[in-house]
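What follows is a set of notes on a single structure, which appears directly below.
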Amino acid sequence: EKGGFDFFMEKEIAEQPEALASTLSGHLENGRIVLDEQRLTDQDLRDVDKVFVVACGTAYNAGLLAKYAIEHWVRIPVEVELASEFRYRDPVLDRSTLVVAISQSGETADTLEAVRHAKEQNARVLAICNTNGAQIPRESDAVLYTHAGPEIGVASTKCFLAQIAAAYLVGLALAQARGTKYADEVAREFDAMEQMSAVIADVLTTMDPVRELARDLAKADTVLFIGRHVGYPVALEGALKLKELAYIHAEGFAAGELKHGPIALIEDGLPVIVVMPSREGRAVLHSKMVSNIREIQARGARTIVIAEADDEGAAAVADHLIVIPKTPTLLQPLVTTVPLQIFAATVAATRGYDVDKPRNLAKSVTVE
Ligand code: F6R
């Protein structure tokens, strides 16, 4: 059943290339992005002038990434909100607001209630879900199913990557409807996403040094994660995986926030995992991150830097370097997440914990 792996989670990490491919499959037809259960008209999509993404946990982190892509491609504002906060805040919603609810299970109580609140306020609701016929897609106006296959490990892995891809498809569908991207550009972005399956498969074959590092750091009390731009949600996801699986205090920060408080946490030997911005795609952020690394090293941090191939700047400063292939910036999270999943799973297994069933957690949270 576990296909030769010790844990479902490891199997599900290994299945990510297929999860991504199946999620994208069939969604580009004659140069147009198609959604699954489309009860919204083209005019409805054209009228969207504001997007809210609501979700919990890992799905929320996928939502944060959606903001970068949708704002960039569609030029409309996107807010990302924890589902548990959304409806208690009296958010401003109307018929031209699209609420995107992301939920692997499709049954998460807070996300479902956020959907209901949005519908009461006449907003349009689109669900991104991995479970056919679950409650959230049933109550939504349109659905995009992530075809990641069943996820048995409590910690979400392949569904996270599939959620990112699905949320990007929503961005392309909106760009197409609102005319901010030509058909050939939409097709190019789609192809670039499809190509990531092979890239992720390659990355998966190079993870032994990450496992070794994880065994070496398994006794850490705290691990910090920093990122910038799309690397920031990845840092949050890396920290979430580590705390939920390995029960280690882990926090993710936007690297620019270090000076505003978190840098006080740095002490001798503290491991800090850095998600390095692309040197070519985000040169300014890259050099700011090199400075951040120097600043924390000067205070004793042990830096583990995830950087693209040929990133000499990162290689020169990193205490430990994890090399990933070069990708377009918005797609980088699909690869930088992989070493963080493996890191968390290996630390947890080294500490003797059941990676598939972390303590105190349930796969589907159906109470608020
Ligand atoms: C973390 C994890 C959870 C879920 C969250 C939302 O690894 O799995 O944070 O992402 O409970 O669940 P869904 O996506 O089913 O709404």
Filtered residues of region 77-104 (kept if surrounded by 18 or more Cβ atoms within 10 Å (Cβ to Cβ) and either at pLDDT below 95 or away from the ligand (no atom under 15 Å from the Cβ) (or both)): Val78, Arg87, Pro91, Leu93, Thr97, Leu98
Search result, residues across region 134-164 that are out of contact with any helix residue (DSSP H, G or I) (no Cβ under 7 Å at 6 or more places or on another chain) and within 26 Å of Phe5 (Cβ to Cβ): Tyr145, Pro150, Val154, Cys159
From Glu107, Glu139, residue being open to solvent by 40 Å² or more (accessible area, probe 1.4 Å) and within 12 Å of the ligand (Cβ to nearest atom): Glu107
Region 202-240, subset assigned to a helix (DSSP H, G or I) and out of contact with any strand residue (DSSP E or B) (no Cβ under 8 Å at 6 or more places or on another chain), residue surrounded by the most Cβ atoms within 10 Å (Cβ to Cβ): Ala214
Matching residues, region 259-295, being free of Cβ contacts under 8 Å to residues at least 40 places away in the same chain, assigned to a helix (DSSP H, G or I) and within 20 Å of Leu236 (Cα to Cα): Lys259, His260, Pro262, Ile263, Ala264, His286, Val290, Ile293
Near pairs, Cβ below 6 angstrom, 6+ apart or cross-chain, from region 51-77 (under 19 Å from Glu189 (Cα atoms)) to any residue that is within 12 Å of the ligand (Cβ to nearest atom) and of a type in the set (A, V, I, L, M): Ala62/Ile102; Gly63/Ala55; Gly63/Ile102
Residue under evaluation Gly261, criteria (1) under 22 Å from Lys11 (Cα atoms); (2) more than 16 Å from the ligand (Cβ to nearest atom), criterion not met: (1)
Condition met for Gly149 (open to solvent by 10 Å² or more (accessible area, probe 1.4 Å), away from the ligand (no atom under 14 Å from the Cβ) and under 29 Å from Ile200 (Cα atoms)): yes
Residue within region 318-326 that is touching a residue at least 24 places away in the same chain (Cβ under 8 Å) and either on the phi > 0 side of the Ramachandran plot or assigned to a helix (DSSP H, G or I) (or both) present: no
Filter result for the condition that a residue is away from the ligand (no atom under 16 Å from the Cβ) and at positive phi, over Gly269, Gly281, Gly256: Gly269
Answer residue from region 110-136, given it is open to solvent by 40 Å² or more (accessible area, probe 1.4 Å) and touching a Gly at 6+ places or on another chain (Cβ under 7 Å) and is nearest to the ligand (Cβ to nearest atom) among those: Thr131
Subset of region 241-258 that is open to solvent by 50 Å² or more (accessible area, probe 1.4 Å) and not in a strand (DSSP E or B) - its residue that is farthest from Gly57 (Cα to Cα): Glu257
Some residue of region 276-284 being among the aliphatic types (A, V, I, L, M) and more than 18 Å from the chain's Cα centre (by Cα): yes
Some residue of region 159-175 being open to solvent by 10 Å² or more (accessible area, probe 1.4 Å), of a type in the set (A, V, I, L, M, F, W, C) and either more than 15 Å from the ligand (Cβ to nearest atom) or not in a helix (DSSP H, G or I) (or both): no
Residue list for region 234-265, filter: of a type in the set (Lys, Arg) and within 17 Å of Ile342 (Cβ to Cβ): Lys241, Lys243
Selected residue [among the hydroxyl-bearing types (Ser, Thr, Tyr) and within 17 Å of Val230 (Cβ to Cβ)] from Thr303, Thr327: Thr327
Close pairs from region 121-133: first under 18 Å from Ala59 (Cβ atoms), partner open to solvent by 20 Å² or more (accessible area, probe 1.4 Å) and among the polar types (S, T, N, Q), Cβ under 8 Å, at least 6 apart: Cys129/Gln104; Asn130/Gln104; Thr131/Gln104
Of the criteria (1) within 30 Å of Val323 (Cβ to Cβ); (2) part of a helix (DSSP H, G or I), which one Glu113 fails: (1)
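The values are calculated or read from the model by the stated rules, or taken from the named source; none is laboratory data. Nothing here was measured: the structure is a model prediction, and the numbers come from that model. Please note: Cβ atoms are built from the backbone with ideal geometry, for glycine as well, and neighbour counts cover all protein chains shown. Ligands, DNA and RNA are excluded from the accessible area calculation, which covers all protein heavy atoms including side chains. Shrake-Rupley method; radii C 1.70, N 1.55, O 1.52, S 1.80 Å.
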